[in-house]
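The values are calculated or read from the model by the stated rules, or taken from the named source; none is laboratory data. Just so it is clear, the structure is predicted and the values come from calculations on it, not from any experiment. Cβ sites come from the backbone with ideal geometry, for glycine too, and all protein chains shown count toward neighbours. For accessibility, only protein heavy atoms count, side chains too; no ligands or nucleic acids. Shrake-Rupley method; radii C 1.70, N 1.55, O 1.52, S 1.80 Å.
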Number of protein chains: 2
Amino acid sequence: MLRSLALLLTLLVALTAGACTRMTTPATSADLKAIQELRSNFEAAMAAGDADKAASLYGPDAIRMVEGQPSIMGREAILASYRMAMANDKLELSLNSEETKVAGDWAFDRGQFMNHVTPKAGGPMVMEMGKYLVILQKQADGSWKVAREIGNSNEPPPAPAPTAPAPPAK
Amino acid sequence: MLRSLALLLTLLVALTAGACTRMTTPATSADLKAIQELRSNFEAAMAAGDADKAASLYGPDAIRMVEGQPSIMGREAILASYRMAMANDKLELSLNSEETKVAGDWAFDRGQFMNHVTPKAGGPMVMEMGKYLVILQKQADGSWKVAREIGNSNEPPPAPAPTAPAPPAK
């Protein structure tokens, strides 16, 4: 009887130790669900052309790293960047997350994006496909916000326009 | 006297609580030093044209997200990507880290890069400037390796070549 109790205690201690080790990077289903909702809210803000809603998903000190321009620092500048983009184009963005990792109050989300960009002044719709990596940070109120965001295109840039006229065909 | 003791105890409890809060994302100087060394080793591998050394700084399941192409998955494919790049060009890369955050066994490093690319077949050197975001993961042996890597250029892509000849000047 005593022996069985000792065995049970040993087993319990081992299980508890295992749980504690895993606790070093806890990814609760609540965290993953919150990050999934953040992604959906971002897609919805893009589709609605709602720059304020899009910017509200970023932390106050967030940094956006958009291809073809220097870093955009802070939520106010991020709001301005979305206002300008949405004034010029209708954006239809879809995010296909391939992984989300949570480590304490930080997380990252990585995947593929597809963006349909239609100029409001007219002209053909352009489809962009690429990769994204987003760092998220849990806020004091328990919500998750985008802290760092970067992406790039899967397509090579177009060949540069010739600087001199092409020689005439013979 | 009792009052002073109570005040001292309150102060001690407050200080301890503060320390515990900061402990949730411990960034030891050893971790930060290891990540700084990883960055230096990466620059050295580029300068030496040493693809094997460059690839050895990535974890086995690392993902490289290079502008203009799909994701490169796993260390073997990453090695092949460096071999090809270094066969074509001499690369001189410098990384200017702007922040490193450690959260348990995960970390991210963000900053600016400058890359001087000189074609081995001849031709002008091209300078690329941009932003990078790297996720690092502590390995079982305590070393840090690159887990995810993405960057993009600060410069907009060149204007596409005209599909029809320009009208003649009048």
Determine the relative contact order of segment A:31-131: mean sequence separation of Cα pairs under 8 Å and six or more apart, normalised by residue count, in whole percent. 20 percent
Treating the point 7 Å from Cα along Cα-beta-carbon as the label, what are the nm separations from A:Ser143 to the other copies, to one decimal? 4.3
Around A:Asp52 (Cβ within 11 Å, Cβ-to-Cβ, excluding A:Asp52; K/R +1, D/E -1) the net charge comes to +2
The pairs in A:Lys33/A:Lys90; B:Lys90/B:Lys138; B:Lys33/B:Lys138; A:Lys101/B:Lys138; A:Lys53/A:Lys101; A:Lys145/B:Lys138 lying past 20 Å Cα-Cα in this model are A:Lys33/A:Lys90; B:Lys90/B:Lys138; A:Lys53/A:Lys101; A:Lys145/B:Lys138
Select the chain A residue whose beta carbon lies nearest to the rotation axis carrying chain A onto chain B, and write the distance in whole Å. A:Pro157, 2
For B:Gly74, what is the net charge nearby, where nearby means another residue's Cβ is under 10 Å from its Cβ and Lys, Arg count +1, Asp, Glu -1? 0
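Provide the FRET efficiency to the nearest 0.05 for the A:Glu43-A:Asp105 pair, computing r from the beta carbons and using R0 = 25 Å.
0.55
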Among rounded, prolate and oblate, which fits segment A:77-118 when a ≥ b ≥ c are the square roots of the eigenvalues of its C-alpha gyration tensor, a/c under 1.5 means rounded, and a/b larger than b/c means prolate? oblate
Calculated FRET efficiency for the pair B:Ala159/B:Thr118, C-beta based, R₀ 25 Å, to 0.05: 0.55
Within segment B:60-75, find all residues whose amide N lies under 17 Å from a label point positioned 7 Å from the Cα of A:Asn96 along Cα-to-beta-carbon. B:65-66, B:68-73
Counting only protein heavy atoms and leaving out ligands, DNA and RNA, the solvent-accessible surface of A:Asp105 at a 1.4 Å probe, in Å² to the nearest 10, equals 60 Å²
Going by the alpha-carbon gyration tensor, a ≥ b ≥ c the square roots of its eigenvalues, is segment B:38-170 rounded (a/c under 1.5) or, if a/c is not under 1.5, prolate (a/b greater than b/c) versus oblate? prolate
Accessible area of B:Val126 in the full protein assembly, 1.4 Å probe (Å², nearest 10): 80 Å²
Aspartates and glutamates with Cα under 16 Å of A:Lys120, excluding same-chain neighbours fewer than 8 positions away: A:Asp50, A:Asp89, A:Glu92
Got the A:Pro156 label distances to the other copies yet, label 7 Å along Cα→Cβ, in nm, shortest first? 2.3
Per-copy distances of the B:Thr118 label point, shortest first, in nm (7 angstrom along Cα→Cβ): 5.0
